[in-house]
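Read through the structure below, which is laid out as structure tokens, and then see the notes.
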Amino acid sequence: MKDYIIEISNLYTSFFIDSQVITVISGLDLVIEKGKVFGLIGESGSGKTMTALSIMRLIPPPGKISGGKIFFEGKNLLSLTDKEMEDIRGNRIGMIFQEPMTALNPVIQIGEQISETLMVHKGLSRAKAKEQSMELLRKVGFDNPDKRYYQYPHQLSGGQRQRVLIAIAISCNPSLLIADEPTTALDVATEAHILLLLKEIMAHHNMSMLFITHNLNIMKRFGDTIGIMYAGRILEEAPVDDFFHEPLHPYSRGLIDSIFALRPDEKRLKVIPGFVPRLSELPEGCKFHPRCVYVMDRCKKEEPEFKNLGNGRWIRCYLF
């Protein structure tokens with residue numbers, strides 16, 4: 001029997017704006033095995049970051065989680081008090097946020113920002129926290145942590161700031177690490193270093209990871225399970241090797257066909273017709289049907305259920 005670090009069932013997250021309810025996460029089911037990487041893939045606005053913020057219970061107002069359960073290490077995070085959640089956030093669940101310059105405080109030295117996490121969650125003295133912060137900076141690739149400790153975020157490159165966020169996220173040895181687009185603004189060489197660093201950290205600390213990205217190439221090299229998200233729903237889930245060998249959902253096929261690196265036999269770039277719908281103006285039935293080349297009448301009227309095909313494969317499509 002598989003051992004899961006987190007189990008999300010029937011999750012709904014909505015924003016309540018005037019008299020309108022905009023649902024950004026709709027009936028999400030997602031599980032992550034201990035020690036594994038779950039890659040959540042999707043275009044901008046698909047709900048990937050909102051999934052992460054829902055797990056962390058950091059949905060900004062006027063949004064809120066309106067239904068479902070999130071079990072982490074046997075506890076339903078949605079039933080915990082704010083204080084209980086604060087003890088888990090940054091401690092048992094670490095998160096690498098998407099934008100280092102907004103996630104880091106620009107007027108506080110980076111070493112102090114790492115130390116604060118250790119003092120709050122581990123109860124360390126300032127001296128002990130500083131010592132461990134130095135070690136964390138060394139662990140994430142800084143060869144002169146005694147100097148870096150006293151620098152400010154603006155004095156670091158994008159890759160270095162990302163390493164600081166990783167140091168903060170892993171400082172308390174979390175069992176789950178959420179990485180939200182951790183390599184988006186980085187060059188290819190720095191991206192490779194960050195991914196290698198994350199792999200080493202996972203292996204050393206036996207961490208599980210939710211890796212959020214729009215880059216299928218990264219997941220082909222880095223992930224164990226992949227989930228394709230669209231309009232707040234997962235349309236397909238599969239082991240990574242199975243997914244890239246045989247993507248099932250028309251949206252998944254379209255994503256792979258649109259990437260040269262994944263289709264070296266193709267001479268022309270293929271595109272998915274149409275645009276991602278606004279969450280306030282979703283179509284009836286399958287949310288992908290206006291862009292689907294296989295659309296049937298049923299697709300326009302009824303939304304398909306998330307169906308278990310066996311062997312770790314799930315699909316939301318009437319073709320199956």
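The values are calculated or read from the model by the stated rules, or taken from the named source; none is laboratory data. A quick note: this is a predicted structure, and the numbers were derived from the prediction, not measured. In this analysis, Cβ positions are derived from the backbone assuming ideal geometry, glycine residues included, and neighbour counts consider all displayed protein chains.
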task: Could you look through region 114-141, keep only residues that are among the hydroxyl-bearing types (Ser, Thr, Tyr) and under 10 Å from residue 171 (Cα atoms), and pick out the one that is surrounded by the fewest Cβ atoms within 10 Å (Cβ to Cβ)?
output: 117
task: Search region 172-185 for residues being among the hydroxyl-bearing types (Ser, Thr, Tyr) and at pLDDT below 95, and hand back the single one that is nearest to residue 44 (Cα to Cα).
output: 184
- prompt: In region 34-54, how many are within 24 Å of residue 76 (Cβ to Cβ) and not in a strand (DSSP E or B)?
  reply: 11
- line: Scanning region 270-320 for residues that are loosely packed, with under 15 Cβ neighbours inside 10 Å and among the hydroxyl-bearing types (Ser, Thr, Tyr) gives 280, 294
field: The one condition in (1) modelled with pLDDT of 95 or more; (2) over 22 Å from residue 169 (Cβ atoms); (3) surrounded by fewer than 15 Cβ atoms within 10 Å (Cβ to Cβ) that residue 84 fails to fulfil
entry: (2)
message: For the structure I just gave you, tell me whether residue 132 is over 20 Å from residue 194 (Cα atoms) and in contact with a Leu (Cβ under 6 Å, 6 or more places away or on another chain).
response: yes
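Which residues, taken from region 301-315, are among the aliphatic types (A, V, I, L, M) and under 13 Å from residue 226 (Cα atoms)? Can you show your working first?
Residues of region 301-315 that are among the aliphatic types (A, V, I, L, M), as a first pass: 309, 315.
Within region 301-315, just 315 meets the criteria.
Among what's in region 1-33 and is in a loop (DSSP other than H, G, I, E, B) and free of Cβ contacts under 8 Å to residues at least 12 places away in the same chain, pick the residue that is surrounded by the fewest Cβ atoms within 10 Å (Cβ to Cβ). Reasoning before the result, please.
Residues of region 1-33 in a loop (DSSP other than H, G, I, E, B): 1-3, 18-19.
Add one more test, that the residue is free of Cβ contacts under 8 Å to residues at least 12 places away in the same chain, and what stays is 1, 18-19.
Working: 1: 3, 18: 6, 19: 5.
Among residues in region 1-33 that are in a loop (DSSP other than H, G, I, E, B) and free of Cβ contacts under 8 Å to residues at least 12 places away in the same chain, the one surrounded by the fewest Cβ atoms within 10 Å (Cβ to Cβ) is 1.
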task: Scan region 55-89 for residues that are closer than 24 Å to residue 280 by Cβ and outside any helix (DSSP H, G or I) and jot them down.
output: 57, 58, 59, 60, 61, 62, 63, 64, 65, 66, 67, 68
